[in-house]
Amino acid sequence: MRSVGRIGLLVLLWWKQFQSALGSEEDSCPAGSPRCGSCSGRILVVGAGLAGLVSAQTLQRAGCEVVVLEAHGHVGGRAAALQTGPFRGFDAGAQWVHGGEENLPIMALARFFNLTVEHVGGNTDFEGDHERHRLFLAHGPNEDVKAEAFRQYLQAEEHFDRRVSWVIAEQRRDLALRSAWQLILNRSFDPLFEWQLRVRNEQSWGISAEQVGTRLSEVAVYSTFYSQDAPGDAKLIGGFGSLVRELAKGLNVRYNTEVTSISLESAVSVRTANETYRGAAVIVAVPLTVLQQKMHLQPPMSSDWNASLHRLQMGDVAKLFIKFADGQSPEGSGTYLLSKLVSHTSRSLLYYCTWEAATSTRPSTVPAPPPSTLICLLSGASFSEVLKLKQAGKEALRSRVVEELLQMYPQLQSTAVEAVQLVSFSWDPSVLGSWTSGKVGSSSRDFSIFEQAIPGIAFAGEHTCRLMYGTAQAAIVSGARAAHEVLAGRLDGTIGSTWPFFDKELYSLCDELADEARKENCGFTCPTLWAPLPEVVPSLFQDWQGMPKKARRCWSRLGWRPLSWMRQARKPASSFKKWPLLSFAEKTAATCLGFSAETWNAALKEMTDIILCRSGCTHLQLWDCLAKNQQRDWQHLGIDRSTLNEELASAAATKSWRQLTRLQRKAAIRIGYRPWLW
Ligand SMILES: Cc1cc2nc3c(=O)[nH]c(=O)nc-3n(C[C@H](O)[C@H](O)[C@H](O)COP(=O)(O)OP(=O)(O)OC[C@H]3O[C@@H](n4cnc5c(N)ncnc54)[C@H](O)[C@@H]3O)c2cc1C
């Protein structure tokens, strides 16, 4: 009897395991799906952050059976609301809808779920809407320095923006962001530049500038998403937590289920410490660092894939929440942003904060209650500082916060500070960082490794979205993209659905520039690319015949002739000499054209590209701006989207004209090359 009982128990256990491996009844095609059968089996989604939730919703709404495996006891990941404590309901991570109305992915979800979005800032860095921004000096008198500081600040910005295009044209190598800034600002730092450097970098990359690689031309591509003319940032009333709640509805989520390995060897199987789940495909939507350090993939990915994976990194950002007793907040509802001019290495805690009211949802027509909570973002040197305070204990952190507040608001009662809480995903073993950026030596191509289709597995998450990485919208779009990779065009279940992520325009945003941005970039001409050089020496970019007679005479004195004007091989001797080596007559001719020593030397370095550009060659165009047949011609020369935009060499580029195949020569001619230009 006992042995029959044991066998019965074993059978029961086996049956349970079998059920969990194949999916129980509740896992089957969900009720209300437009149609079952877009997928050929159960799909597993690892990670229930925004990326995982959007991929699961997209698949389920297409009629697939989906199981989401999440390490934590709640969904949302870095977009979750705080679950407990005095700041319960506030966003633990993502807080802003960058770009406001122009943030197509989040706005589409907000409309779908009927969530209200409220405008809060000027542009991505809150540099507009200055009337809601209170700016403090780092030291000295504690008065509000708004008017003068903003005047200087705007001047600094203008100065910066004017120089960016110059440096983009000049620097073709990878730099740490700080070095790029140094070039841009011509080593003339002042406190406002320092502050911009710190705030811009830490806000964009969550890490100090020395550690972030930048190919300036790519930063420009990336930032077209956050156009400086965009209507500014917005917030979801009720926070990102309200979006996460909606996204999780109706999904089959297995909580406290940490996946340790994924095998694609015979079938797709996903292992946790004590269970194995099988499915037709898996979407891996865990953060970058988890993928780098904790997730075992079998068979291993290629060495190129792994090299790219390790050229990316996550930064460290902490959020400091400070609650004021009722009626004792030092600011009224007119102020949204608090910032303090700090240097690059400052350990100040309260240098970039927002004033927030309660988090509950309300229609946008109902005014926000007065702010009672200050939320500060800490990165770089301040992150290390707060880590020490955390180790010293809660009281040490609280007294430091009060001390800094009193410097800014001397009238404040220290008892007005009711609660202080520090949160960072860097300490969460299932995240291990804030958001992703590229190390020095990386390029945007490293983000594209995740977009390659590999049978049985797809990757999603903010780190897998080349054009928007590091953001909530990147996570959302990549989740939808991964779902479509799994669906592989089988969209028969989606007819009549209003789910926004069946729209290709939206789910391909990680790699495709939005139409508007594409148009903006395609407007590049030689003069815009080399601005401000054309303003100084306009004839440099004109046809030989089309330029004024006087300019032609001056160029002739420098050795240029109608034939050499368009030919690489016939450049005159003067075009190889730096300014000090020019003869007196050559200097006079160059001055008559508008050159100074600085602009002459800069143009000298660029002469090869300038000749190519004025000859009409498409090699300085962005891939997306080329017509399909031009793209095909470039491909004949071994150049694709990423190599063209990043100016990486192709094998063909090292060959002489005569060494090219006939097909390659024809392609090269069609895209603007001539034997003498090659
Ligand atoms: C402090 C902070 C502020 C931010 N502010 C903004 C902002 O204002 N605007 C903006 O657009 N973006 C912001 N971001 C970035 C944004 O939050 C993220 O880009 C986005 O939420 C990432 O979503 P994800 O789905 O890619 O990853 P995550 O949200 O990290 O989701 C991954 C999920 O996988 C789970 N997981 C991990 N390992 C395993 C495992 N082994 N098994 C099972 N599950 C696992 C995790 O628990 C997590 O739930 C901010 C981030 C931080 C940290």
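State all residues of segment 326-340 that are in a loop (DSSP other than H, G, I, E, B) and either open to solvent by less than 20 Å² (accessible area, probe 1.4 Å) or among the acidic types (Asp, Glu) (or both); if no residue qualifies, say none.
Listed by number, the residues that qualify are ASP326, GLU331, THR335, TYR336.
Here are some residues: LEU387, LEU338, LEU377. Which one is within 22 Å of GLN196 (Cβ to Cβ) and at pLDDT 90 or above?
Step by step, each of LEU387, LEU338, LEU377 is checked, and only LEU377 is within 22 Å of GLN196 (Cβ to Cβ) and at pLDDT 90 or above.
Could you check, for segment 255-264, whether at least one of its residues is more than 13 Å from the ligand (Cβ to nearest atom), under 24 Å from GLY63 (Cα atoms) and of a type outside the set (Phe, Trp, Tyr)?
Yes, some residue in segment 255-264 is more than 13 Å from the ligand (Cβ to nearest atom), under 24 Å from GLY63 (Cα atoms) and of a type outside the set (Phe, Trp, Tyr).
A quick yes/no check of all residues on (1) in contact with a Ser or Thr (Cβ under 9 Å, 6 or more places away or on another chain); (2) without any contact (Cβ under 8 Å) to a residue 24 or more places away in the chain:
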{"site": "ALA474", "(1), (2)": "yes, no"}
{"site": "LEU491", "(1), (2)": "yes, no"}
{"site": "PRO500", "(1), (2)": "no, no"}
{"site": "LYS504", "(1), (2)": "no, yes"}
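For segment 341-370, what are the residues that are open to solvent by 10 Å² or more (accessible area, probe 1.4 Å), part of a loop (DSSP other than H, G, I, E, B) and modelled with pLDDT of 85 or more?
THR345, SER346, ARG347, SER348, ALA357
When you go through (1) in the same structural domain as SER348 (by TED's automatic domain parsing); (2) aromatic (Phe, Trp, Tyr); (3) touching a helix residue (DSSP H, G or I) at 6+ places or on another chain (Cβ under 7 Å) one by one for PHE450, which number turns out not to apply?
The one condition PHE450 does not meet is (1).
Test of understanding: among GLN95, GLN83, GLN57, which residue is without any contact (Cβ under 8 Å) to a residue 12 or more places away in the chain and closer than 25 Å to LYS235 by Cβ?
One residue alone meets the criteria, GLN83.
Condition first: more than 16 Å from GLU606 (Cβ to Cβ) and outside any loop (DSSP other than H, G, I, E, B). Now tell me which residues in segment 556-578 satisfy that.
If the condition is that a residue be more than 16 Å from GLU606 (Cβ to Cβ) and outside any loop (DSSP other than H, G, I, E, B), then SER556, ARG557, SER564, ALA569, ARG570, ALA573 are the ones that fit.
Tell me yes or no: at least one residue of segment 434-442 is among the aromatic types (Phe, Trp, Tyr) and either within 13 Å of the ligand (Cβ to nearest atom) or in contact with a strand residue (DSSP E or B) (Cβ under 8 Å, 6 or more places away or on another chain) (or both).
yes
Report, by residue number, each residue of segment 78-102 that is within 6 Å of the ligand (Cβ to nearest atom), among the small types (Gly, Ala, Ser) and not in a loop (DSSP other than H, G, I, E, B).
Correct list: ALA79 only.
Which residue is farthest from the ligand (Cβ to nearest atom), if the candidates are limited to segment 315-335 and must be modelled with pLDDT under 90 and of a type in the set (Ser, Thr, Tyr)?
Result: SER333.
Is it the case that LEU432 is outside any helix (DSSP H, G or I), modelled with pLDDT under 85 and aliphatic (A, V, I, L, M)?
No: the conditions fail for LEU432.
Look through GLU451, GLU418, GLU462 and report the one residue that is within 30 Å of ALA267 (Cβ to Cβ) and open to solvent by 20 Å² or more (accessible area, probe 1.4 Å).
The match here is GLU451.
For segment 57-73, give me the residue count where each residue is more than 8 Å from the ligand (Cβ to nearest atom), open to solvent by 10 Å² or more (accessible area, probe 1.4 Å) and part of a loop (DSSP other than H, G, I, E, B).
2
Just to be sure I understand, how many residues within segment 470-488 are open to solvent by 10 Å² or more (accessible area, probe 1.4 Å), more than 8 Å from the ligand (Cβ to nearest atom) and touching a Phe, Trp or Tyr at 6+ places or on another chain (Cβ under 6 Å)?
Qualifying residue count for the region: 2.
Suppose we keep only residues that are away from the ligand (no atom under 14 Å from the Cβ) and part of a loop (DSSP other than H, G, I, E, B) within segment 265-286. Which one would you say is modelled with the lowest pLDDT?
SER266
Could you tell me whether LEU312 is in contact with a His (Cβ under 8 Å, 6 or more places away or on another chain) and within 16 Å of the ligand (Cβ to nearest atom)?
So LEU312 passes the test.
The values are calculated or read from the model by the stated rules, or taken from the named source; none is laboratory data. Everything numeric in this text was worked out from a predicted model, so none of it was measured. Reconstructed Cβ throughout: ideal geometry from the backbone, glycine too, with neighbour counts over all protein chains shown. To get the accessible areas, we keep the full protein, side chains included, count just its heavy atoms, and leave off ligands, DNA and RNA. Shrake-Rupley method; radii C 1.70, N 1.55, O 1.52, S 1.80 Å.
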